[in-house]
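The values are calculated or read from the model by the stated rules, or taken from the named source; none is laboratory data. Just so we're clear, the structure is a prediction, and the values are computed from it rather than from any experiment. Here the Cβ is made from the backbone with ideal geometry for all residues, glycine too, and neighbour counts use every protein chain on show. Please note that ligands, DNA and RNA were not included when accessible areas were found on the heavy atoms of the full protein model with its side chains. Shrake-Rupley method; radii C 1.70, N 1.55, O 1.52, S 1.80 Å.
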Amino acid sequence: MAARVIDGKAVAGRLRGRVAARVAALPFRPGLRVVRVGDDPASGVYVRNKDRAALAAGFDSATLRLPADTAEAALLDLVGELNEDPAVDGILVQLPLPPHIRQEAVVDAVRPDKDVDGFHPVNAGLLSTRQRSLVPCTPKGVMHLLREAGVALPGARAVVLGRSQIVGRPMLQLLLDADCTVTVAHSRTRDLRAECRRADVLIAAVGRPEMVRGDWIAPGAAVIDVGINRSPDGRLVGDVAFAEAVGHAGAITPVPGGVGPMTIACLLENTLIAALRRRGEGS
Ligand code: NDP
């Protein structure tokens, strides 16, 4: 039987709607500032989409654009100003940055309570010690999708493909906290197919077009495809060979229209959470 396709656009739309309704009831507009250095075209589309979604949900949102040759010190100064600005609740510095700027230095400069990307080491540490943190948007979006799709998590065997700081590692924490038994696989893992075949829940975040084949998937497994890749023939594809996988999985996200829309919706949710916490409200 063909897998149920999880509609990320619809789930993200509902989440954005819930966030917008909460923002509309506030006596202030949560402030989001996206900082973009240079003009990488892929980030350009993404930043425009963030801005549009934030404004539509009632946020005070703006994108600050800096030229590609901006010095690291000037970017750090701007982050410092945003850290101090009481109208700003969330700061997102769009990655990747030009090679002359140390990404880590910039990520570390953002105030943890305004770090709506959840990349600051303080937020990573809080997440790994099960304390209140701002959770990275993409893994958080994956958890929303699993819950909305009704996937039973306690006791499930989860396999995460990829161990990056922004997807794989926080994914491990979130699945563990949802009582899954989690395996994290990576480029040095032996026999990836066998690891994947064991999964009740498979999260693919490797950045390799259609690497996960249909026969890597256990019958009825839930498959969440985080990958966004261009195939050699120019199509946008995930890390999972979707056409094969639908014949094996129980539920699966498509690319596009799966995890992608959730990332922006979770950015809005994080900005709302940051705004409420800064005013001593919310959890
Ligand atoms: P990274 O390149 O930072 O990490 C990739 C991970 O995959 C690494 O841990 C790497 O292992 C592992 N890996 C790479 N090749 C293989 C292989 N052949 N076999 C097993 N493991 C492998 O990528 P990101 O985590 O940033 O992103 C992953 C994918 O998710 C990309 O396609 C990206 O575009 C997409 N993405 C989508 C988002 C969304 O909004 N939907 C947001 C963020 C990312 P090792 O550590 O050993 O090198």
Of everything in the stretch 163-173, what is open to solvent by 30 Å² or more (accessible area, probe 1.4 Å) and not polar (S, T, N, Q)? Give them in sequence order. R163, I166, R169, L172
Out of the stretch 225-251, which residues are part of a strand (DSSP E or B) and either over 17 Å from R208 (Cβ atoms) or in contact with a Leu (Cβ under 6 Å, 6 or more places away or on another chain) (or both)? A251
Wholly within the stretch 61-144, which helices (runs of 4 or more DSSP H) include no fewer than the required count, namely at least 3 residues that are within 16 Å of R33 (Cα to Cα)? 72-84, 103-109
Evaluate the stretch 97-106: report whether one residue or more is among the acidic types (D, E), more than 22 Å from T138 (Cα to Cα) and open to solvent by 50 Å² or more (accessible area, probe 1.4 Å). no
I'd like to verify a number: residues in the stretch 241-262 that are within 14 Å of the ligand (Cβ to nearest atom), touching a residue at least 60 places away in the same chain (Cβ under 8 Å) and surrounded by fewer than 22 Cβ atoms within 10 Å (Cβ to Cβ), how many? 2
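Tell me which residues, restricted to the stretch 200-231, are of a type in the set (A, V, I, L, M, F, W, C) and open to solvent by 10 Å² or more (accessible area, probe 1.4 Å).
We begin by selecting, within the stretch 200-231, every residue of a type in the set (A, V, I, L, M, F, W, C); these are 201-206, 211-212, 216-218, 221-224, 226, 228.
The answer is A205, V206, M211, W216, A218, V226, I228.
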Of the candidates V151, V160, the one satisfying the condition of being among the β-branched types (V, I, T) and surrounded by 24 or more Cβ atoms within 10 Å (Cβ to Cβ) is V160
Would you pick out the residues in the stretch 172-217 that are within 29 Å of T129 (Cα to Cα), away from the ligand (no atom under 11 Å from the Cβ) and free of Cβ contacts under 8 Å to residues at least 12 places away in the same chain? L176
Would you confirm whether or not the stretch 24-41 contains a residue that is modelled with pLDDT under 95, in a helix (DSSP H, G or I) and within 30 Å of L97 (Cβ to Cβ)? yes
